[in-house]
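In what follows, a structure is listed as structure tokens, so that the remarks can point back to it.
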Amino acid sequence: QVQLVESGGGLVQAGDFLRLSCTASKRIFSIMGWYRQAPGKQREMVASITWSGRTNYADSVKGRFTISRDNAKNSVYLQMNGLKPEDTAIYYCNTEIATTDYWGQGTQVTVSS
């Protein structure tokens, strides 16, 4: 079992930035990622990062968002720059351990135009 706790969401204007944080209850050796779900839409992958730091991004956030992790702190971060109204969603931290998906409770990001 692992618990994931996100923080850092909020209400910002278009063009602003936010930094999301996710801390796990124990050391995570697998891929960690950020997903988001907008109202009426399916949950989608935003970014992921391996233990060694290899990253992957959704096309919609490339060049604007940066994922990073601090393995010593069991944490993963999402720096979001140049936010757009279409980035409005609940953002979830995720990891998969032994074929089981673990999710945080989510943090709301709202971008006004």
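Here is a yes/no grid of residues against (1) out of contact with any helix residue (DSSP H, G or I) (no Cβ under 9 Å at 6 or more places or on another chain); (2) open to solvent by less than 60 Å² (accessible area, probe 1.4 Å); (3) aliphatic (A, V, I, L, M); (4) in contact (Cβ under 8 Å) with a residue 24 or more places away in the chain:
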site: Glu6; (1), (2), (3), (4): yes, yes, no, yes
site: Ser21; (1), (2), (3), (4): yes, yes, no, yes
site: Glu44; (1), (2), (3), (4): yes, no, no, no
site: Ala47; (1), (2), (3), (4): yes, yes, yes, yes
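The residue that is farthest from Ala24 (Cα to Cα), among those in the range 67-85 that are open to solvent by 30 Å² or more (accessible area, probe 1.4 Å) and either of a type in the set (Val, Ile, Thr) or in a strand (DSSP E or B) (or both), is Gln79. Residue by residue through the range 7-22, note down the ones that are assigned to a strand (DSSP E or B) and more than 23 Å from Thr99 (Cβ to Cβ). Hits for the range 7-22 are Ser7, Gly10, Leu11, Val12, Gln13, Leu18, Arg19, Leu20, Ser21. Please verify whether the range 97-106 includes one or more residues that are outside any strand (DSSP E or B), open to solvent by less than 60 Å² (accessible area, probe 1.4 Å) and at pLDDT 95 or above. Within the range 97-106, one or more residues are outside any strand (DSSP E or B), open to solvent by less than 60 Å² (accessible area, probe 1.4 Å) and at pLDDT 95 or above.
Within the range 49-65, can you find the residues that are assigned to a strand (DSSP E or B) and buried (at least 17 other Cβ atoms within 10 Å of the Cβ)? If the condition is that a residue be assigned to a strand (DSSP E or B) and buried (at least 17 other Cβ atoms within 10 Å of the Cβ), then Ile49, Tyr57, Phe65 are the ones that fit. Annotation: of all residues in the range 23-36 being open to solvent by 60 Å² or more (accessible area, probe 1.4 Å) and polar (S, T, N, Q), the one that is nearest to Thr107 (Cα to Cα) is Thr23. Among residues of the range 100-113 that are touching a residue at least 40 places away in the same chain (Cβ under 8 Å) and at negative phi, those with a beta-carbon under 6 Å from a residue that is of a type in the set (Val, Ile, Thr) and not in a strand (DSSP E or B) at least six positions away or on a different chain give the pairs Tyr102/Val2; Thr110/Thr88; Val111/Thr88. The set of residues from the range 23-39 being touching a residue at least 60 places away in the same chain (Cβ under 8 Å) and in contact with a Ser or Thr (Cβ under 8 Å, 6 or more places away or on another chain) comprises Ala24, Ile28, Ser30, Ile31, Met32, Gly33, Trp34.
The values are calculated or read from the model by the stated rules, or taken from the named source; none is laboratory data. The structure displayed is predicted, hence computed values, not measured ones. We place every Cβ from the backbone using ideal geometry, glycine too, and count neighbours over all the protein chains shown. Calculation scope for accessible area: heavy atoms of the full protein, side chains included, ligands and nucleic acids excluded. Shrake-Rupley method; radii C 1.70, N 1.55, O 1.52, S 1.80 Å.
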